[in-house]
Structure formats: structure tokens, C-alpha cells
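Take a look at the structure set out below.
The values are calculated or read from the model by the stated rules, or taken from the named source; none is laboratory data. What you see is a predicted model; the values in this text were computed from it and never measured. Because the Cβ atoms are built from the backbone with ideal geometry, glycine has one as well, and the counts that use them run over all protein chains shown. Just the protein is used for accessible areas: all its heavy atoms, side chains included, with ligands, DNA and RNA removed. Shrake-Rupley method; radii C 1.70, N 1.55, O 1.52, S 1.80 Å.
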Amino acid sequence: MWPGVAFRSMRVGFMWLVGAGVLVAACSTSPAASPLGAGAPPGAGVSTLAPQPATTTAAVPLLTTTTATPPPTTTATTPPPTTTTTTPPPTTTIPPPTTTATTPPPTTTTTTLPPSIVIGFGGDTSFTHGLHSADPLGQVVDLLSTPDLTVVNLETTVAEHGVGRALNKTFTFKSPPSSVQLLVDAGVDAVQLANNHIEDFREPAVLRTIELLDEGGLAHAGAGVDESAAYAPRFIDVRGWRVGLVAFSHIPCGWSRSGINTRPQVAWACAPFVDRTIASVREAAKTSDVTVVMVHWGIELNRCPAAYQRELAILWQANGADLIIGSHPHVLQGVERIRDAWLVHSTGNLAFPSARGPSASSAFFEFNVSREDAELRVYPITIRSGRPRLSDEATSARILRELSSYSFGVAFSDDGSAFETEEDGRCRTPLPLPELIPPVWFPIT
């Protein structure tokens with residue numbers, strides 16, 4: 001605040017000075033000068049206190065009273081403090097730019113899944129004995145790449161020369177690293193690793209196979225760095241559908257009699273580990289739209305399944321499996337329904353160097369899976385020098401006819417479409433389902 005300023009007013013007094021003597025009022029003889037007015041009698045204005053002699057008196061000049069006109073007073077007037085109201089120029093205030101965090105309304109995305117997906121399965125596949133250099137899958141690229149998901153049994157290790165040491169066994173398989181790209185280029189999306197050849201060059205080759213598959217973008221199930229990884233389900237997104245894939249091997253099982261898993265890199269389905277397979281199937285089924293079990297089992301070159309194959313399939317179906325696909329016999333075995341699931345006992349060979357005779361007549365199995373059910377169609381293939389191709393018309397008819405004769409309650413039309421029938425086929429009649437379910441295996445959480 002500005003400080004106050006005090007102002008003082010000064011007054012200047014003036015005195016009138018009167019000279020010595022008597023102030024005499026001058027008399028006027030003019031009647032007009034009488035204070036009584038024009039009508040007053042003569043002498044009416046004379047004092048009566050004492051008669052005065054008639055003398056001629058010299059008039060005493062009247063003392064003049066001078067009224068001094070005071071000099072003009074200059075008053076130093078200090079103007080009152082002036083409060084100046086300054087009207088500021090109009091101010092245009094530009095507000096700072098406002099950043100408004102706009103929260104969009106919650107969006108509800110409705111994903112419409114396709115009504116069905118197609119999953120295809122090929123049999124035993126290996127690129128040993130120089131097969132990798134002969135374009136082994138070149139003639140079935142269209143067949144393998146048409147399904148939304150194609151899975152094969154990779155019955156070999158995949159690693160460089162010198163990785164791992166061969167086991168002391170009759171046949172040991174190791175395919176070169178280029179095999180992964182051969183599978184990818186042909187349209188294969190995933191492979192089963194649980195089989196009797198994944199350990200042919202011991203743990204280093206198992207781990208190298210997994211590494212190469214991961215690098216190539218191929219999904220896999222049935223083997224891993226340890227038991228937990230081997231049994232873990234592999235989940236695959238197929239056009240919005242979630243497919244759960246698990247894989248087990250029942251070949252060989254002689255080593256497992258002790259009940260201790262001394263070969264933990266593979267998911268085994270041997271008797272001591274059946275509970276472990278059931279837990280794996282349940283885990284896959286919990287969050288999957290379709291649950292697939294790949295299994296290596298059976299007797300080589302035998303057209304009919306071993307009894308335990310159906311027993312295991314019933315257990316897996318009861319715990320959530322939708323498709324159960326077998327391999328290992330190198331020839332086709334029959335097909336059947338286990339309640340609402342499909343069971344293919346053996347898919348035979350796909351690309352295999354030693355395929356000849358019965359093992360050279362095989363098939364590709366294609367399932368159209370919807371929410372209600374799955375429809376099966378089979379495409380017969382013929383293998384020459386390890387390389388598969390679609391069979392000619394006559395060979396296709398023969399393969400489908402033979403597959404019908406070995407199946408249980410399922411037969412195949414001329415175009416390969418499966419349908420249910422009352423015929424049980426040439427292999428033994430399946431037992432009633434309730435008798436095949438050991439209750440001891442069910443209390444698993």
C-alpha cells in the first residue's frame with residue numbers, strides 16, 4: 001500500500017490599524033442624507049443633549065479609515081492524494097492446452113469362432129538314409145497343408161552328426177536339421193515326439209531335436225528337458241479354437257518294471273505311469289476346445305490292436321480326450337468310437353525309408369471338428385522309396401476296404417468318409433465299455 005501524506009492549511013491574519021484621534025461622523029445638510037427620510041422636520045436629526053452656541057466651526061477633516069485590502073492569499077493547496085485507477089488493457093487469456101484423458105467406453109468384443117476346424121494326422125515319419133535329399137513330402141504338400149492343423153509322428157531324432165552317442169540297439173534314427181524345414185514347407189504344424197526312437201542318441205539328441213523344432217516354429221509334445229516338460233500339454237491356437245495336444249509312448253516298457261522313471265525326457269504310458277498320463281489329459285482338457293492324445297503303441301506290422309490300446313483309450317476318453325491317434329505298427333489298424341471320441345489305432349507310415357509291402361499302403365486321417373461332433377475322412381496314400389503320394393483309384397478302394405474290415409463299428413465309403421455300422425470287423429469284438437474301466441485309476445485330482 002502506498003503511504004499516506006499529511007497536508008497542513010495555513011491561514012494569514014491581517015490587522016486593521018486606526019490612527020489617534022476621535023472618529024467623527026460627518027454630518028450632511030442634505031435632507032436626502034437624513035436618516036429619517038425626506039419628510040422629517042428641520043432639525044430633527046440634531047442631538048438634544050446640550051444647546052450649542054452658533055459658531056462657525058472649521059470642519060475637521062474626517063479621519064480616514066483605510067481598509068487595507070489584504071494581499072491575495074496564496075494557499076498552497078496540496079491536492080488530495082490522487083488514486084489513479086488504471087484500467088488495464090483488456091487481457092486475452094489463452095488457457096494452456098488441456099490434455100483430456102478420455103477413457104473410452106468399455107468395449108465388448110464378440111469373437112465369432114468358425115463353426116468347425118479341420119485337423120489332419122499323418123503316420124510315422126523319418127528322413128534317414130538320405131531321404132531328406134529326395135523331396136520326401138513334395139507330392140503330398142496339398143494334402144498336408146489343407147487342414148487347419150496337421151500333426152505327424154516324428155519317429156527320429158533331429159540333430160547334427162556327432163550330437164549324442166547311439167544306443168546299443170538294432171535301429172537308431174537321426175535325421176539332419178534340414179528335416180524341420182521339410183516338415184514346415186509341406187504344411188506340418190506339430191509333431192509327436194513320444195516314441196521309441198526319440199532317445200536313439202540319448203539326452204543330447206533329444207534336447208537338440210527340441211531346440212531345432214522350436215527354432216523352426218513346429219509345435220511338439222511328448223518329450224522335454226524333464227518329466228514335467230515331457231508330460232505337459234501343448235496348446236495350439238487354431239483359428240480361435242484352442243487345441244490341447246499331449247503325447248505318450250508305450251514302446252518300450254520293459255525297463256519300467258521298477259516303477260521309477262529313469263528316462264524322464266519322454267512321457268511314458270507304461271503301467272506304472274498311467275496315472276501320470278491321465279493327469280496330463282485332464283490338464284489339457286480343462287482349457288481346450290479339442291483335446292488330442294497321440295500315442296505310440298501296438299505291435300509292429302500287426303493289423304489288429306493289442307487289448308491294452310483300447311483300455312488306455314477308454315481311460316483317456318473318460319478324462320477328456322476327443323481324438324486318440326495311434327502309431328508304431330507301421331501298418332494301418334482299425335478305427336472305432338469310444339463314446340463320443342474317435343480312436344485311430346494306427347495311422348501307418350507317412351514318409352519312411354523302409355516302407356514296402358503292407359507298410360507302403362497307408363492313409364492320411366482328416367477330422368472336421370465342430371462343437372457337436374467330429375467327422376472323419378480318410379485319404380489313402382501309397383509310399384514309394386519312402387515318399388508318399390495319393391493312391392490311384394483302385395488302390396484307394398482296396399485300402400479303404402481293408403481299413404473297414406479291421407475297424408470296430410465303423411466303415412468307409414468310396415470317398416473315404418467314415419460312417420457307423422453294426423459290423424465289428426475282422427479283429428476281436430470289443431468288450432463292453434464299463435468292464436474296461438479299472439475304477440482304481442479314476443480318483444485322480
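Any idea which of (1) more than 20 Å from His129 (Cα to Cα); (2) out of contact with any Gly (no Cβ under 6 Å at 6 or more places or on another chain) is the one Pro233 doesn't satisfy? It is condition (2) that Pro233 fails. If you go through region 385-402 and pick out every residue that is under 46 Å from the mean Cα position of the chain (by Cα), open to solvent by 80 Å² or more (accessible area, probe 1.4 Å) and of a type in the set (Lys, Arg), you end up with 1. Sub-7 Å Cβ pairs linking a first residue in region 147-174 that is open to solvent by 10 Å² or more (accessible area, probe 1.4 Å) to a second residue that is among the polar types (S, T, N, Q), at least 6 apart or interchain, are Ala166/Thr172; Phe173/Ser126; Phe173/Thr128; Phe173/Thr156; Phe173/Thr157; Lys174/Thr128; Lys174/Thr156; Lys174/Thr157, ordered by first then second residue. Screening Arg257 on (1) basic (Lys, Arg); (2) closer than 23 Å to Tyr308 by Cα; (3) crowded, with 22+ Cβ neighbours inside 10 Å shows it passes everything except condition (3).
Okay, residues lined up against (1) more than 24 Å from Ala285 (Cα to Cα); (2) touching a helix residue (DSSP H, G or I) at 6+ places or on another chain (Cβ under 9 Å):
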{"residue": "His197", "(1), (2)": "yes, no"}
{"residue": "Phe201", "(1), (2)": "yes, yes"}
{"residue": "Ala205", "(1), (2)": "yes, no"}
{"residue": "Glu215", "(1), (2)": "yes, yes"}
{"residue": "Gly222", "(1), (2)": "no, yes"}
{"residue": "Glu227", "(1), (2)": "no, yes"}
{"residue": "Tyr231", "(1), (2)": "no, yes"}
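Scanning region 269-302 for residues that are in contact (Cβ under 8 Å) with a residue 40 or more places away in the chain and open to solvent by less than 40 Å² (accessible area, probe 1.4 Å) yields a total of 19. Among the residues of region 323-381, write down those that are more than 25 Å from Glu422 (Cα to Cα), under 38 Å from the mean Cα position of the chain (by Cα) and open to solvent by 20 Å² or more (accessible area, probe 1.4 Å). Matches in region 323-381: Arg371 only. Criterion first (charged (D, E, K, R) and over 16 Å from Arg389 (Cβ atoms)) does Asp135 satisfy it? Spelling it out, it is not the case that Asp135 is charged (D, E, K, R) and over 16 Å from Arg389 (Cβ atoms). Of the numbered criteria (1) open to solvent by 40 Å² or more (accessible area, probe 1.4 Å); (2) touching a residue at least 40 places away in the same chain (Cβ under 8 Å), the one Val266 fails is (1). Any idea which residue in region 226-244 is surrounded by the most Cβ atoms within 10 Å (Cβ to Cβ), counting only those that are β-branched (Val, Ile, Thr) and within 16 Å of Ala374 (Cβ to Cβ)? Here the residue is Val243.
Kindly indicate whether Ala223 is surrounded by fewer than 19 Cβ atoms within 10 Å (Cβ to Cβ), modelled with pLDDT of 95 or more and closer than 21 Å to Arg276 by Cβ. So Ala223 fails the test. Would you say Pro305 is crowded, with 24+ Cβ neighbours inside 10 Å and more than 39 Å from the chain's Cα centre (by Cα)? Yes, satisfied. Hey, among the residues in region 135-146 that are in a loop (DSSP other than H, G, I, E, B) and open to solvent by less than 30 Å² (accessible area, probe 1.4 Å), which one's nearest to Ile119 (Cα to Cα)? Among those that are in a loop (DSSP other than H, G, I, E, B) and open to solvent by less than 30 Å² (accessible area, probe 1.4 Å), it is Leu137. Quick check on my filter: what residues within region 175-199 are in contact with a strand residue (DSSP E or B) (Cβ under 8 Å, 6 or more places away or on another chain), closer than 19 Å to Thr146 by Cα and open to solvent by 30 Å² or more (accessible area, probe 1.4 Å)? Of everything in region 175-199, just one residue is in contact with a strand residue (DSSP E or B) (Cβ under 8 Å, 6 or more places away or on another chain), closer than 19 Å to Thr146 by Cα and open to solvent by 30 Å² or more (accessible area, probe 1.4 Å), namely Asp189.
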